[in-house]
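Structure first, then comments.
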Amino acid sequence: EREAVFTAADLEREAGHKAAGTATHGDVVAAIARAERRQALIVRAAPRMAQGIMGYTTREAVTTEQAMLATEAEGREAGKAIVGQVRAEAAIASAQLRSAHAWTEGQKQATRQLLLSTSAVTGLQGHAGTAKTTTVLKTIADTARAQKMTVRALAPTATAADVLGYATRTEPET
């Protein structure tokens, strides 16, 4: 599983490739319907869902996400801030100078909050393409490493973990 949520069409296409010569398209569609009935596949908002395209996730992906959220909850207020207010502002200013684009107020606010957080585990959520990884998380990782802290890149999918690991110069983990 490379993506946490995928379209029904992508699933049919991938399953068709895997079953090439051993199953018909009808067999693939029937197998997907059986998996949905036994809740091995769970209907979810998929990419392009607004256009009426059905999507799925797996029970395993939901379980992984729930475990990650539980880990985050256990780590709330269980650590110390990466840096204080002055160093947080300096880290943001320095990162902005090195950036190829202007940072939004939201990116600055998220970076500030994460640098000042006393949670041992934190999560960041936002829309795709808003530079969470290449601005906010890269700055967090660089600042934490400068403070001799261990940085780990955790994500629910292999694709997301690879992107996160590359941006933060850490080993990706799912």
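The values are calculated or read from the model by the stated rules, or taken from the named source; none is laboratory data. Keep in mind the model is a prediction, meaning the values are calculated, not measured. Because the Cβ atoms are built from the backbone with ideal geometry, glycine has one as well, and the counts that use them run over all protein chains shown. Just the protein is used for accessible areas: all its heavy atoms, side chains included, with ligands, DNA and RNA removed. Shrake-Rupley method; radii C 1.70, N 1.55, O 1.52, S 1.80 Å.
Quick look at the values:
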quantity: Span per principal axis, largest first, for the Cα atoms of the chain (Å); calculated: 62, 35, 28
quantity: Solvent-accessible area per residue for region 28-161 (1.4 angstrom probe, square angstrom); calculated: 62 Å²
quantity: Apportionment of accessible area to carbon and sulfur, the chain, percent (1.4 Å); calculated: 55 percent
quantity: Diffusion constant of region 71-174 at 37 °C, which comes from Stokes-Einstein with the Kirkwood Cα-pair radius and 0.692 mPa s, µm²/s; calculated: 237 µm²/s
quantity: Efficiency of FRET between Thr159 and His17 - r from beta-carbon atoms, R0 22 angstrom, step 0.05; calculated: 0.75
quantity: Which of Phe6, Ala90, His17, positive extreme of dipole for region 1-156 (C-beta unit charges); calculated: Ala90
quantity: DSSP bridge pairs, the chain: antiparallel proportion in percent, nearest 5; calculated: 75 percent
quantity: Efficiency of FRET between Gln147 and Arg38 - r from beta-carbon atoms, R0 35 angstrom, step 0.05; calculated: 0.15
quantity: Region 1-138, dipole about Cα centre (Lys/Arg Cβ +1, Asp/Glu Cβ -1), debye to the nearest 20; calculated: 280 debye
quantity: Principal semi-axes in Å for region 50-96 [√(5λ), Cα gyration tensor, largest first]; calculated: 36, 20, 7
quantity: Pairs of lysine residues in the chain - Cα separation under 16 Å, sequence separation of 8 or more or cross-chain; calculated: 4
quantity: Length released on extending from Ser99 to Gln85, taking residue separation times 0.36 nm less the Cα-Cα span; calculated: 2.9 nm
quantity: DSSP-loop trypsin sites (Lys or Arg not before Pro) across region 82-159, with at most 11 other Cβ within 10 angstrom; calculated: Lys148
quantity: Distance between modelled label sites at Gln113 and Thr63, nm, 7 Å Cα→Cβ extension; calculated: 3.1 nm
